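Let me begin by presenting the structure, written as structure tokens, before commenting on it.
The values are calculated or read from the model by the stated rules, or taken from the named source; none is laboratory data. Computed from a predicted model, the values in this text were never measured in an experiment. In this analysis, Cβ positions are derived from the backbone assuming ideal geometry, glycine residues included, and neighbour counts consider all displayed protein chains. Surface areas here come from the heavy atoms of the whole protein model, side chains and all, with no ligands, DNA or RNA. Shrake-Rupley method; radii C 1.70, N 1.55, O 1.52, S 1.80 Å.
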Amino acid sequence: MWCQRLAWLLRGQRGSTGRRWPWLPRDPGPVPAAPVRCHPTAPASSRCAWQLHQDHLELRYGNTLMRLDFVWLRDHCRSASCYNAKTNQRSLDTASVDLAIRPQAVRVDETTLFLTWPDGHVTRYGLEWLVRNSYEGQKQQVMHPRILWNAEIYRKAQVPSVDCRSFLETDEGLKEFLQNFLLYGIAFVENVAPTKEDTEILAKRISIIRETIYGRMWYFTSDFSRGDTAYTKLALDRHTDTTYFQEPCGIQVFHCLKHEGTGGRTLLVDGFHAAEQVLRQAPEHFELLTKVPLKHEYVESMGGCHNHMIGVGPVLNVYPWNNELYLIRYNNYDRAVINTVPHDVVRRWYHAHRALTTELRRPDNELWVKLKPGKALFVDNWRVLHGREAFTGYRQLCGCYLTRDDVLNTARLLGLQA
């Protein structure tokens with residue numbers, strides 16, 4: 001159910017071409033080992049076997065082959081003297097561990113690894129815990145399960161909006177909303193009173209509101225009050241917001257309070273879906289977009305507003321151990337001069353950027369939504385691009401930015417993977 005992206009990640013380190021991704025570090029071969037035998041846990045079990053090397057333990061459990069450094073094994077000990085289970089904090093002083101440490105004895109039964117260290121301290125690890133927390137285990141997992149979508153996929157999914165009262169007053173409504181948001185990067189709440197105050201109450205249900213140069217809660221009209229194209233009636237191409245922040249805002253809330261005119265539909269595009277298409281068709285472009293740092297800049301000097309913001313980062317941001325996307329920073333309006341890479345990389349970057357832009361602009365990737373009073377939209381600004389068509393008449397929106405950590409915290413407290 002988790003979509004092509006999850007299946008792709010679970011396949012390991014191979015793209016659709018069957019080639020190993022060249023920008024991921026190759027697993028090092030075994031370090032020359034001291035002469036030690038390979039030990040199965042029990043004659044009747046083939047699920048676990050281990051072997052000591054000079055500086056690490058090689059442990060196979062089920063289908064996972066792990067290479068666990070001795071220092072790592074000592075540092076992560078979960079005994080009462082090394083780890084506080086009540087606070088989930090380490091008590092052991094990592095700097096006190098001998099970097100050349102080796103276990104004096106090793107034993108493995110069907111569920112547990114036991115290591116005795118030179119000072120007599122015994123460390124115990126559940127084998128399932130090691131699979132979940134080893135580098136090799138993490139490579140097979142996704143941090144954030146998602147359903148990647150284009151317009152047809154999203155419409156066929158018939159993702160329900162959540163009623164405002166259920167959202168505000170019940171854990172079930174809140175959990176349904178957050179599950180939709182985590183999977184698709186967008187979610188709607190219906191029957192919201194069309195006021196800034198009620199929108200603020202809605203936002204505070206899941207997060208602390210992030211105050212920025214635009215204020216805390218903002219009204220948004222075509223009054224040219226800011227030095228930004230968004231404060232006009234012109235069409236806006238797809239983009240993510242605040243790319244010129246060192247950490248772009250995580251979630252954006254939109255609520256249309258009034259529109260007396262035509263046009264003004266909101267455009268939504270799943271940036272991760274588009275990026276995956278680039279990965280499949282041209283992995284070298286995907287790699288370049290994850291590595292080339294760019295500057296984004298916002299300068300305004302209008303009325304009482306004087307700001308000069310600069311943010312730096314690649315267009316695509318991935319977790320290096322499993323190549324999972326976690327942030328797209330795409331805004332052609334605010335991209336500054338490209339002066340962070342040498343000339344022999346620039347043209348290749350333009351080709352890569354064009355490949356991603358082509359995917360983002362495919363009509364079948366465009367989800368168009370008419371925002372109306374009473375229907376609030378939450379957008380994952382690290383994943384979903386938004387834009388709008390030109391409009392006529394008076395159009396007023398309100399909204400805010402939310403702190404990503406607090407939204408994910410709310411989801412985890414409700415038992416969701418986030």
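A single entry from Arg280, Arg238 fulfils the requirement of being surrounded by 22 or more Cβ atoms within 10 Å (Cβ to Cβ), not hydrophobic (A, V, I, L, M, F, W, C) and not in a loop (DSSP other than H, G, I, E, B): Arg238.
In the stretch 111-124, the condition of being open to solvent by less than 20 Å² (accessible area, probe 1.4 Å), at negative phi, among the hydrophobic types (A, V, I, L, M, F, W, C) and out of contact with any Leu (no Cβ under 7 Å at 6 or more places or on another chain) is met by at least one residue. Just name the residue that is nearest to Thr195 (Cα to Cα) out of those in the stretch 113-166 that are of a type in the set (Phe, Trp, Tyr) and within 20 Å of the chain's Cα centre (by Cα). Looking at residues that are of a type in the set (Phe, Trp, Tyr) and within 20 Å of the chain's Cα centre (by Cα), I get Tyr154.
Just to be sure before I move on: is Phe188 in a helix (DSSP H, G or I) and open to solvent by less than 40 Å² (accessible area, probe 1.4 Å) in the structure I sent? So Phe188 does not fit the description; no.
Scanning the stretch 385-409 for residues that are within 24 Å of Gly271 (Cα to Cα), open to solvent by 10 Å² or more (accessible area, probe 1.4 Å) and outside any strand (DSSP E or B) turns up Glu389, Ala390, Thr403, Arg404, Asp405, Asp406, Leu408, Asn409. Residues of the stretch 311-321 that are of a type outside the set (Gly, Ala, Ser) and open to solvent by less than 10 Å² (accessible area, probe 1.4 Å): Val315, Leu316. Taken over the stretch 211-248, the criterion of being of a type in the set (Gly, Ala, Ser) and either within 16 Å of Cys400 (Cβ to Cβ) or modelled with pLDDT under 85 (or both) is satisfied by Gly215, Ser222, Ser225, Gly227, Ala230.
Scoring Glu260 on the criteria (1) open to solvent by less than 40 Å² (accessible area, probe 1.4 Å); (2) more than 20 Å from Arg361 (Cα to Cα); (3) of a type outside the set (S, T, N, Q) leaves a single failure, condition (1). Among the residues of the stretch 349-373, those identified as open to solvent by 20 Å² or more (accessible area, probe 1.4 Å) and among the hydroxyl-bearing types (Ser, Thr, Tyr) are Tyr350, Thr358.
Residues in the stretch 151-164: is at least one under 30 Å from Met302 (Cβ atoms) and open to solvent by 10 Å² or more (accessible area, probe 1.4 Å)?
Looking for residues that are under 30 Å from Met302 (Cβ atoms) and open to solvent by 10 Å² or more (accessible area, probe 1.4 Å), one finds none in the stretch 151-164, hence no.
Going by the structure shown, is Ser207 outside any helix (DSSP H, G or I) and either modelled with pLDDT under 95 or open to solvent by 40 Å² or more (accessible area, probe 1.4 Å) (or both)? Here the answer is no, as Ser207 does not meet what is asked. Output yes when any residue across the stretch 255-272 is touching a Ser or Thr at 6+ places or on another chain (Cβ under 8 Å) and in a helix (DSSP H, G or I), and no when none is. Yes.
Are any residues in the stretch 335-348 part of a loop (DSSP other than H, G, I, E, B) and open to solvent by less than 80 Å² (accessible area, probe 1.4 Å), and if so, which ones?
Ala336, Ile338, Thr340, Val341, Pro342
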